[in-house]
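Below: one structure, written as structure tokens.
The values are calculated or read from the model by the stated rules, or taken from the named source; none is laboratory data. Quantities reported herein were computed from a predicted structural model and do not represent experimental measurements. Glycine gets a Cβ as well: all are built from the backbone with ideal geometry, and neighbour counts include every protein chain shown.
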Amino acid sequence: MAKINENKIWRIAARIDDEIIIKQASSIEKATRTVRNAVFQRLCDSAEIEYELGWWKGHRHAPRRDFVDNFIGKPLYVFVDEEFEVDLHEVPYEVYSIEQVRLTFRKMSLMTPDNIDSWGYLHWGQGDSEKFSLLGEKLPIPPHLALSKGFEEEEVLALSDAQECFDSCPGCNREIPFGTIILVTEHFRLMPANCCGKMIWQKEEDSVDNDEWV
Ligand SMILES: [Zn+2]
């Protein structure tokens with residue numbers, strides 16, 4: 001076992017909204033976790049989203065950790081009473097927008113048919129500007145459809161008109177509402193179906209045979 005120096009500690013600093021947050025702990029993992037949490041908490045407050053337990057866990061949430069890590073400087077192993085030197089920690093000056101935060105942390109919970117309009121915009125608020133285009137965005141592929149075991153995402157390459165692709169909704173068999181779209185990625189199709197409120201995924205190879213919809 002590595003000898004732990006009782007006089008030394010891991011110290012990490014972050015800068016958010018021009019304020020410096022300093023966290024320290026006996027292990028680098030613990031210090032990292034605390035500083036990430038502090039940054040995430042600040043982001044939640046600014047974007048008015050709820051703090052989510054375990055927000056950082058797993059491969060699926062790597063983009064969230066990466067986003068938060070942009071605000072965090074270099075961890076240093078220092079003496080407990082050593083003065084804090086912001087320059088030594090190389091604390092970045094990261095800027096962000098509320099939109100970015102909402103997208104990074106809430107994209108998946110926002111992905112429901114009623115939040116997606118006929119032009120492929122995902123709405124994250126009531127206002128006219130509170131939306132962003134899904135075209136060019138990456139969508140996490142549902143694990144049961146993914147080609148490999150790991151977490152996959154694919155970029156939305158195109159939008160199509162669902163009425164041109166189907167006679168009826170593969171989810172509920174009803175008529176497809178006017179303006180329903182299909183988000184097209186390299187290997188998948190996603191139809192946000194307003195008729196039944198379902199997000200209907202299909203693998204590209206199945207597209208000839210509509211029975212394969214899930
Ligand atoms: Zn339907």
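A few points about this structure:
- Of the strands (runs of 3 or more DSSP E) lying entirely inside segment 1-114, those containing at least 3 residues that are without any contact (Cβ under 8 Å) to a residue 60 or more places away in the chain and of a type outside the set (S, T, Y) are 19-25.
- Where a residue in segment 170-186 is closer than 13 Å to I200 by Cα and its partner, wherever it lies, is within 14 Å of the ligand (Cβ to nearest atom) and of a type in the set (S, T, N, Q), with Cβ under 8 Å and at least six apart: P170/Q202; P170/N210; I176/Q163; I176/S168; T180/Q163; T180/N194
- A single member of G136, G179 is loosely packed, with under 13 Cβ neighbours inside 10 Å, within 16 Å of the chain's Cα centre (by Cα) and part of a loop (DSSP other than H, G, I, E, B), and it is G136.
- When residues in segment 15-45 are screened for being more than 18 Å from V80 (Cα to Cα) and surrounded by 15 or more Cβ atoms within 10 Å (Cβ to Cβ), 11 of them pass.
- Checking M108 against (1) within 29 Å of Y51 (Cα to Cα); (2) modelled with pLDDT of 90 or more; (3) aliphatic (A, V, I, L, M), the condition it does not meet: (2)
- Condition met for D128 (at pLDDT below 95, part of a loop (DSSP other than H, G, I, E, B) and within 16 Å of the ligand (Cβ to nearest atom)): no
- Of V68, V91, V80, all but one fail to be loosely packed, with under 15 Cβ neighbours inside 10 Å and β-branched (V, I, T); the exception is V80.
- Total residues in segment 94-109, condition loosely packed, with under 15 Cβ neighbours inside 10 Å and more than 30 Å from Y77 (Cβ to Cβ): 4
- Of the residues making up segment 163-174, just one is surrounded by 13 or more Cβ atoms within 10 Å (Cβ to Cβ), in a loop (DSSP other than H, G, I, E, B) and more than 9 Å from the ligand (Cβ to nearest atom), namely F166.
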